[in-house]
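Accompanying notes for the structure given below.
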Amino acid sequence: MSFESIAFENTLPGIMLRFSVNLLILFILIRFIYYRFTKKEEYVFSLFMMGIIIFLLSSLLGTVNIQLGMALGLFAIFAILRFRTVNYSVKDMTYVFTVIGVSIINSQANIPPPVIGAITVNGIILISAVVLELFLKKRALSQILISFDKPELLHPGQRKQLLEELSVRTGQKIVKISIKKIDFTRNMVDLEAYYPDESTD
């Protein structure tokens, strides 16, 4: 029996073989991409266990009378229930559904040739995640709230001087501002100032 035939079979050796591939992909996605760029250690365990359980459930769908569409709906409901009380960002939710998608693809996809097909599909997902993270990281801006005592610099013609003044006061290279509140009685203005996120991993 060939390696390719074992990989496609819904038997214990076939499931364990696909499970090993899925575990490797999850490790790269969660540990080397998600955790590296977000540093959110508290979600790593949940993402790993979610990927593992969803893979095993998807692999066993052939042995029970349930359709894949219904199973996907159940997975989505479980994910929502798990994280509905957590302050979860859109990016984190994207990783949740990426983990779900990767696990289902690796458990159900029958893409010939098996090895090249699995590498191609999983490679596209991993490379896309890395490229997007690097692209967004270069443009990521951190923000700081500032009470500023020179509202006269808010005039459009004074923008360059305003950014320089804020950069000197904060020690950061301020590139963008947003006016939150102006208090004419105190001659003060509340600003949101944005500067490049140069934190290292």
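Being surrounded by 11 or more Cβ atoms within 10 Å (Cβ to Cβ) and within 30 Å of Lys181 (Cα to Cα) holds for only one residue in Leu141, Leu145, Leu126, Leu132, and it is Leu141. Taking the numbered list (1) modelled with pLDDT of 90 or more; (2) touching a Leu at 6+ places or on another chain (Cβ under 8 Å) in turn, Glu164 passes all entries but (2).
Each row is one residue, and each column tells you yes or no for (1) in the same structural domain as Leu61 (by TED's automatic domain parsing); (2) not acidic (Asp, Glu).
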| position | (1), (2) |
| --- | --- |
| Ile119 | yes, yes |
| Asn122 | yes, yes |
| Leu126 | yes, yes |
| Leu132 | yes, yes |
| Glu164 | no, no |
| Lys173 | no, yes |
| Ser178 | no, yes |
| Phe184 | no, yes |
| Glu192 | no, no |
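The values are calculated or read from the model by the stated rules, or taken from the named source; none is laboratory data. Keep in mind that this is a model prediction, so the values were computed, not measured. Using ideal geometry, Cβ is built from the backbone for each residue, glycine included, and neighbour counts are taken over all protein chains shown.
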